[in-house]
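*Asks:* One structure follows; several queries about it will come next.
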Amino acid sequence: MTIDSATRVVHLVDDDEAVRRSAGFMLKTSGYLVHAYQSGVELLKAAGDLSSGCILLDIRMPGLDGLEVQQALHDKGISLPVIIMTGHGDISLAVRAMKAGAVDFIEKPFEKATLLSSLDEGFRRLQHKEATGDRRKDAEVRLQALTPRERDVLDGLAQGLPNKTIAYDLGISPRTVEIHRANMMAKLGVRSFSEALRIAFGAQEG
């Protein structure tokens, strides 16, 4: 694996040419070097020569899907940060990807700012190579601020459950789940669901 510290490299994997074109344009105009792949198989074929960088990976593709590609990369010992691209309604798959180590997920169609924010987190991980223990301790401290019910809601979300199912399991209304979810995110200091998941899964590392 070659490392180029001067250029931020993004490996963009999506079977949709329109997405490769539009996301690639966003990235190139933001100063990134983009390597595009039309399938997970194509990425894996190049796995031995991948430049150090982040992998932007679509979760639904013919052949190998994003989860299978993520597992194959892990099996090959490739630990580059993975950011998952999902379509609407793929939240449960995105949760599984984050459980498997993905840094973040973004829903299509995404705005440039959302994409760049996720990549910033990925490159931060890549450059600083944070100690797992430090991440776990930080996550545990932040989770201590939650009430037991807010923690129950977060645990349900981390299992990929929809609000209605969490409400049924906890014997409360979906609206109450939404209130607990909003309070939970405020206490954790996060703006997106994926950031909350990152903390939840970070506490389980080790």
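The values are calculated or read from the model by the stated rules, or taken from the named source; none is laboratory data. The model shown is predicted, which means the values in this text are computed figures rather than measured ones. Reconstructed Cβ throughout: ideal geometry from the backbone, glycine too, with neighbour counts over all protein chains shown. For the accessible areas, the whole protein counts, side chains as well, though only heavy atoms, and no ligand, DNA or RNA atoms are used. Shrake-Rupley method; radii C 1.70, N 1.55, O 1.52, S 1.80 Å.
*Asks:* Within the set 108/187; 76/108; 137/187; 28/112; 99/137, which residue pairs have Cα atoms separated by over 22 Å?
*Replies:* Details: 108/187 27 Å; 76/108 28 Å; 137/187 17 Å; 28/112 11 Å; 99/137 18 Å.
Too far apart for the 22 Å limit: 108/187; 76/108.
*Asks:* Let me ask something else about it. Of the trypsin sites (Lys or Arg not before Pro) in the stretch 1-90, which ones lie in a loop per DSSP and count no more than 12 other C-beta atoms within 10 Å? Let's see the in-between values first.
*Replies:* On the way: sites: 8, 20, 21, 28, 45, 60, 76; in loops: 8, 60, 76.
Listed in order of number, the matching sites are 76.
*Asks:* For a quick check, take a GNM of the chain with Cα springs below 10 Å and name the residue from 72, 158, 102 with the largest mean-square fluctuation.
*Replies:* Judging by the Gaussian network model, the answer is 72.
*Asks:* To the nearest whole percent, what portion of all C-alpha pairs in the stretch 79-126 is separated by more than 18 angstrom? Let's see the in-between values first.
*Replies:* Working: 296 of 1128 pairs.
It works out to 26 percent of all Cα pairs.
*Asks:* State the percentage of accessible surface on the chain attributable to carbon and sulfur atoms; use a 1.4 Å probe and exclude ligands, DNA and RNA. Show your work: numbers first, answer last.
*Replies:* Values: 5310 of 10680 Å².
For the chain, the apolar C and S fraction of the accessible surface comes to 50 percent.
*Asks:* For residue 25 and residue 159 in one chain, what is 0.36 nm times their gap in residues minus the Cα-Cα distance, to one decimal in nm? Write down the numbers at each step before the final one.
*Replies:* Working: separation 134, 0.36 × 134 = 48.24 nm, distance 3.44 nm.
The residue 25-residue 159 span can extend by a further 44.8 nm.
*Asks:* In the chain, once you exclude exposed GluC sites (Glu not before Pro) (DSSP loop, at most 15 other Cβ within 10 angstrom), what's the longest stretch remaining? The partial results should precede the final answer.
*Replies:* On the way: sites that count: 111, 130, 205.
Counting only loop sites that pass the neighbour cut-off, the longest clear stretch is 1-110.
*Asks:* Can you pull the three principal axis extents for the Cα set of the stretch 1-77, in Å, largest first?
*Replies:* So the three principal-axis extents are 30, 29, 15 Å.
*Asks:* Counting other Cβ atoms within 10 Å, keep those with at most 15, restrict to DSSP loop, and tell me which trypsin sites (Lys or Arg not before Pro) in the stretch 142-206 are left.
*Replies:* Numbers: sites: 142, 149, 151, 164, 175, 181, 187, 191, 198; in loops: 191.
Sites meeting the loop and neighbour criteria: 191.
*Asks:* Would you report the distance distribution of C-alpha pairs in the stretch 86-185 as whole percents per 10 angstrom bin, up to the bin with the largest distance?
*Replies:* 13, 35, 39, 12, 0
*Asks:* Solvent-accessible area per residue for the stretch 51-94 at a 1.4 Å probe radius, Å²? Can you show the working numbers first?
*Replies:* On the way: 1740 Å² over 44 residues.
Result: 40 Å² per residue.
*Asks:* Taking only Cα atoms and a 10 Å spring cutoff, compute GNM fluctuations for the chain and point out the largest among 82, 69, 95.
*Replies:* Of the options given, 69 has the highest mean-square fluctuation.
*Asks:* Any idea what diffusion coefficient the stretch 43-113 gets from Stokes-Einstein, in µm²/s, Kirkwood Rh on alpha carbon pairs, 20 °C, 1.002 mPa s? It would help to have the intermediate numbers written out before the result.
*Replies:* On the way: Rh = 12.4 Å.
Using the Kirkwood radius from Cα pairs, D works out to 173 µm²/s.
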